[in-house]
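Chemist: Have a look at this one before I ask anything.
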């Protein structure tokens, strides 16, 4: 093995959150690619937390994302039914902790009251229009969902259609979806 060799170029996540009509949906595709090769088509990148009251989706390095999901679960135990506070506390730790600072992932977390996008630079962002997305195909899914949000569709219908559009455009996104609603 060559010293200083870079990790493989992993791609393949699209996570989309849509809030409409009192319902919040997070959808994630199942594709994981290494370079130009699809290595898995049915990965599950959306998880229920806090006894099913919170849904989180992740993009980035899988082990890093699982570490962050576990940390978010711990914060939710510390601050029950306070997702915003748990997210801010996690983002603070993520930015200041030497170990966490090296993690390469992003999260979207949602409960009955809000959607939050978390990044390793300390961001906790609540979307302006009830739609948030991350990952390789995130911008495609976000644009499609924003275009569909004013139509007579449920949050889940918007999420499924937007993810389908993203899969048609982004080679790192597929139509094998995990969809969770809170």
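The values are calculated or read from the model by the stated rules, or taken from the named source; none is laboratory data. Predicted, not measured: the structure shown is a model, and the values here were computed from it. Here Cβ is always computed from backbone atoms with ideal geometry, including for glycine, and neighbour counts include all displayed protein chains.
Chemist: Is at least one residue of region 125-133 closer than 27 Å to residue 160 by Cα, surrounded by fewer than 17 Cβ atoms within 10 Å (Cβ to Cβ), free of Cβ contacts under 8 Å to residues at least 24 places away in the same chain and over 15 Å from the mean Cα position of the chain (by Cα)?
Modeler: So far as region 125-133 goes, yes, one or more of its residues are closer than 27 Å to residue 160 by Cα, surrounded by fewer than 17 Cβ atoms within 10 Å (Cβ to Cβ), free of Cβ contacts under 8 Å to residues at least 24 places away in the same chain and over 15 Å from the mean Cα position of the chain (by Cα).
Chemist: Please work out which one of (1) under 21 Å from residue 141 (Cα atoms); (2) modelled with pLDDT of 95 or more; (3) part of a helix (DSSP H, G or I) is the condition residue 65 fails and give its number.
Modeler: Failed condition: (2).
Chemist: Next question, about the same structure. Restricting attention to region 139-161, does a residue exist that is in contact with a strand residue (DSSP E or B) (Cβ under 9 Å, 6 or more places away or on another chain), modelled with pLDDT of 95 or more, in a strand (DSSP E or B) and within 21 Å of residue 31 (Cα to Cα)?
Modeler: No: zero hits.
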